[in-house]
Amino acid sequence: MEATVPFLVATSGPIQGKRVPITPEGIILGRETGVDVVIPSEGVSRMHARVLLHNGAVWVQDQGSRNGVFVNDKRVVRHKQLSPGDALTVGEQSFTIEITVVSSDPMETIPTQDSPLPMPLPPPQSTFLRGPVGATLVVAVLLLVALVVLLVFIR
């Protein structure tokens, strides 16, 4: 019996040539040691993106990275379904999705009670109040609250 396995293939960049199977649990791409695919590049966040298999489709999700995740040169806002041949870019690293047909033992593909269920996509991390604009907004709100308190006590 044959099965199809999606692979994330590094087509250019620091880890060109690396092939990683995509699992339902997902693989984490990032700069930090300990993630599934380490990309040694300054333009890559510690935990930059997650690529996973969900309902038979391959998905990418930005993990709150600073520089973003791009599919076919378009920025991914939350998550996006990938197709074979799509160009996925994380920092200076480019990947594509390949589907490989492998032979498998039919008894290995029968789900059991002990089989882990795929995890749903976690909610995207908010970038609101990050960076200098967020810090300025917080300071402005605190100053406004202090002014209101001061005006209440003066009366």
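Each reported figure results from applying straightforward, stated rules to the coordinates on display, with no laboratory input. The structure displayed is predicted, hence computed values, not measured ones. Note: ideal-geometry Cβ built from the backbone for every residue, glycine included; neighbour counts use all protein chains shown.
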Placed amide H near Asp86: partners under 5 Å, 5+ positions off or other chain = Ile97
task = Please name whichever of Ile39, Gly56, Phe70 sits farthest to the positive end of the charge dipole of the range 8-86, dipole taken about the Cα centre and charges placed at Cβ: Lys and Arg +1, Asp and Glu -1.
result = Phe70
request  = Over all alpha-carbon pairs of the range 32-96, lay out the pair-distance distribution in 10 Å bins, whole %, shortest bin first.
outcome  = 23, 58, 19, 0
query = For the range 1-55, what is Rg from Cα atoms divided by 2.2 N^0.38 Å, rounded to two decimals?
reply = 1.20
request  = Provide the packing ranking of 64-70, 33-39, 137-143, i.e. peptides ordered by the mean count of other C-beta atoms within 10 Å per residue, highest first.
outcome  = 64-70, 33-39, 137-143
